[in-house]
């Protein structure tokens, strides 16, 4: 039994490794082709989607049977060397991870008057039953049988396991040294890649029509909590960790194949790549939706737009009116505000072509011409912009990659410059315009992540209590920017009430000011 | 607002707060002094399209100056002067009728910024130019002037000096050039009702909104004595119509929402005419309530003299508003149907101002009373949009058969429109014909109000109004509150035997409701609305209903 566990562990390990430290010093074997992208005809589906389409699920039990070591079952060092993972992944997931409860929250409970109970009341029994398949698309991802309430299981993120569950333990030595692409061919999603990871998370946390996932406005109106803006690095940090970073793996060859070294700014890299990927996913969602048959997908679908452009109390001294509408027509709901700021920061890294900005402007313009945009015009412009962004992601990947043969010292210096540059850009972007809650939160998250990299890279140079004080201000607890950790649910009434209240009380002026102060303090740190 | 709050202490005050007259909203910052124009020859018109095509209608107007001569309507007056035809103009100025500053308000920063935002915020603010909107010129823009001055429509132009007095005499009494002279002669009064031209938006409905006012001077004054005709004049701006559209773009740019309720507006308007009879009517007993009649149609006018005046105002306002709102929807949908040249800016469709503002405009909260109230009752599906909550309230449907002599409330037509408008995907070509049908159905209704408003009948109506179960939105609650005020005032006049104490009991209850409907400082939406507020409002309505029933019982109404 134990040897089976070991076998399985060895074989499944790449699946549980974090992307945190893993931005590739040496990108996956096909990276040379992705850095010289072909601009046209970006695929409608991502690699992730293709994997899910072409492989079958194996079932959570098949993972759990091995990856369920409890606290007392920690493998010793020798075993670790053999298996590379702790084998307690499933235990951590079921004990501490919200994803494990995702299906259970769908069950109405009169005693606790949980969210599902209240949503069922609002919907009425019949409509509630009808909407269940939509709910399950995200909440029961990975397990499609009706008698299971397992939530978002291993396979929902790591890929349907039917074709790799066997080889990853039966022939573990061969499997271990396969590159990410080969593993993807077997169905294992490369979560170490920030782009793929972001696509994976966003398939639910934003929506993905290719996977049949979308929280519609009807569902929100019935009580589904608003999906928050997403920053992959920040959300990853908030998870109970069931992986160990790649650079801690005790297998040099494995590390070399998966590109473990040279990354001194893992969070900064993730923020940039995930930022751009998020915008691509959002634009693709808009485009995909607009291309759906009209009968199944009413237009406009309000859930695709900025919730809080409409959902706010009207103030006589409105900061929205004071801020203006960026030259757009007032009264015509805009796109969600959260994906843009981090994408803009990423685009600054690669000197994105004017063409790309034109395409983005065209999306905004189509929303200007008619409230919510003409279905075809908006979808078309979103598709065109998404194609450009996908190209930009490849360029960004290339620009962030380490040159082969680069010395550790050179890589370190380069990363330090990268982090400082990003911090500067964040301050500039935040200081120039009043941002709404979602956009401000993205910037604060990004700043926080990059600043952590900076501190790790150069602790002495940045020791500055004023900076830290300002950062604390930006993250003031009353703003509720921190994610809810563990298995606490944002759907829990008191939690949701507090989150929504914090958003309602938010005023943007303070942010711009704090960021411009930060900018001044950071300047001397720049090379 | 604050100034107005101290000025009017009656519970009607909410009307001021909720029913936002464009001019009122900025009244404080505006100067009441009419600006003087140096060059009277300049004219205003659609600046971007061919000026040559504009019809110059200057000659149809005499301007407020033409009415304001000391020997005519400009006899000197102060705020305590008794209104008469002699001092009507002076009082209109002295009492700061909001209409008198409708034009000058366009020159304020607030108005300039609205237009600047509406037109794409160009040029953007810079370090040097903090107020880039100061070059915007709403006071020269027909989109604003059609309601903020006497400019009759966007394809017309009038000389600048006619604009400066805002919504001046001729905006409501009609272009005066054709009747100025006759109306000073002895024969004028002898014409009786024939000296007036009734204003009727149904004619416009019949001709598919083609009618442009001011096209044909009639030689008669517009009828503002007949309350229906008067309401029809008001709704031209206060609800909207051809060339007068406060749509969601404009509201988002900063223009207040239009919430018109005629009885409340009339109560709050500073009177530049003699309404002493209305005040005297408060002393009438029900036996004395039937006043001496001047005109053949006794049921309809003159309104000030009738004890049930407020009920008539309420009904006339509901009818005029809903007709205008239906016609406006037809107009909006019709405009959206048209094919536009590529690149042209589409008219706003879906038109968001057709819906309950606060259905969307509220901070999200948990738990949400909206989810529990609006959706669980099964009236709407989650996410479905509530159309026409102000102009087609459930109250209107409840009360229509009681109040109007032809009690055919167009329930089917309204639910047809409501169905077609329930999602933002509403197709303009589906909406336009339905809206037209609705407007026609409303026009087929007689404007005449049922007679015999005895105390028991008013009480019964008030019981219907104070239906706590129907409070599912701020709009509905506010409409019901305003109706309660109107009916309570009518009751006071009709039931002359009411003691001051009984009246005060009613006032206290209405005042408590008003406080819960008030937006609160700093807000233009019921930001404080919560589960608790709604529950309190329901209790207050139930309590009011019980009170009315007890009162009826005591006074032997039954």
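The values are calculated or read from the model by the stated rules, or taken from the named source; none is laboratory data. Predicted, not measured: the structure shown is a model, and the values here were computed from it. Here the Cβ is made from the backbone with ideal geometry for all residues, glycine too, and neighbour counts use every protein chain on show.
Yes or no: residue A:59 modelled with pLDDT under 90, surrounded by 15 or more Cβ atoms within 10 Å (Cβ to Cβ) and over 20 Å from residue A:489 (Cα atoms)? Criteria met by residue A:59.
When the range A:107-130 is limited to residues that are touching a helix residue (DSSP H, G or I) at 6+ places or on another chain (Cβ under 7 Å) and surrounded by fewer than 20 Cβ atoms within 10 Å (Cβ to Cβ), the one that is nearest to the other protein chains (Cβ to nearest Cβ) turns out to be A:128. Only one entry in A:229, A:179, A:207, A:212 is in contact with a helix residue (DSSP H, G or I) (Cβ under 7 Å, 6 or more places away or on another chain), more than 14 Å from chain B (Cβ to nearest Cβ) and under 22 Å from residue A:244 (Cβ atoms), namely A:179. Residues that are more than 14 Å from chain A (Cβ to nearest Cβ), at pLDDT below 85 and not in a loop (DSSP other than H, G, I, E, B) within the range B:499-550 comprise B:500, B:501, B:502, B:503, listed in sequence order. Among the residues of the range B:368-384, just one is more than 7 Å from every other protein chain (Cβ to nearest Cβ), touching a helix residue (DSSP H, G or I) at 6+ places or on another chain (Cβ under 6 Å) and within 16 Å of residue B:532 (Cα to Cα), namely B:369. A single entry from B:336, B:348 fulfils the requirement of being modelled with pLDDT of 75 or more, part of a helix (DSSP H, G or I) and within 9 Å of chain A (Cβ to nearest Cβ): B:336. When the residues of the range B:153-174 are filtered to those that are touching a strand residue (DSSP E or B) at 6+ places or on another chain (Cβ under 8 Å) and part of a loop (DSSP other than H, G, I, E, B), the one that is surrounded by the most Cβ atoms within 10 Å (Cβ to Cβ) is B:174. Take residue B:106 and tell me if it is under 22 Å from residue B:265 (Cβ atoms), in contact with a strand residue (DSSP E or B) (Cβ under 8 Å, 6 or more places away or on another chain), surrounded by 16 or more Cβ atoms within 10 Å (Cβ to Cβ) and more than 14 Å from every other protein chain (Cβ to nearest Cβ). No; evaluated as a whole, the condition is false for this residue. When the range B:235-270 is filtered for residues that are within 14 Å of another protein chain (Cβ to nearest Cβ) and outside any loop (DSSP other than H, G, I, E, B), the ones remaining, listed by number, are B:248, B:249, B:250, B:251, B:252, B:253. Give the number of residues within the range B:61-115 that are under 25 Å from the mean Cα position of the chain (by Cα) and in a loop (DSSP other than H, G, I, E, B). So the count comes out to 11.
Count of the range B:353-367 residues, restricted to those that are within 8 Å of another protein chain (Cβ to nearest Cβ) and part of a loop (DSSP other than H, G, I, E, B), is 7. Can you name the number of the only condition in (1) under 22 Å from the mean Cα position of the chain (by Cα); (2) farther than 23 Å from residue B:525 by Cα that residue A:381 fails? Result: residue A:381 fails condition (1) only. Checked against the criterion of being buried (at least 19 other Cβ atoms within 10 Å of the Cβ), more than 14 Å from chain A (Cβ to nearest Cβ), closer than 18 Å to residue B:354 by Cβ and within 22 Å of the chain's Cα centre (by Cα), the range B:451-473 contains one or more residues that satisfy it. At least 3 residues being farther than 26 Å from residue B:359 by Cα and either free of Cβ contacts under 8 Å to residues at least 12 places away in the same chain or more than 13 Å from chain B (Cβ to nearest Cβ) (or both) is the threshold, and among the helices (runs of 4 or more DSSP H) wholly inside the range A:304-393 those reaching it are A:339-349, A:354-369.
Out of (1) crowded, with 17+ Cβ neighbours inside 10 Å; (2) under 18 Å from residue B:248 (Cβ atoms), what's the single condition that is false for residue A:318? If we test residue A:318 against (1) crowded, with 17+ Cβ neighbours inside 10 Å; (2) under 18 Å from residue B:248 (Cβ atoms), just (1) comes out false. Here residue A:456 passes the criteria (1) on the phi > 0 side of the Ramachandran plot; (2) in a helix (DSSP H, G or I) except the one numbered (1). The residues of the range B:83-92 include none that are touching a helix residue (DSSP H, G or I) at 6+ places or on another chain (Cβ under 7 Å) and exposed (fewer than 15 other Cβ atoms within 10 Å of the Cβ). Residues considered: A:518, A:496. Of these, the only one that is assigned to a helix (DSSP H, G or I), within 14 Å of another protein chain (Cβ to nearest Cβ) and out of contact with any strand residue (DSSP E or B) (no Cβ under 6 Å at 6 or more places or on another chain) is A:496.
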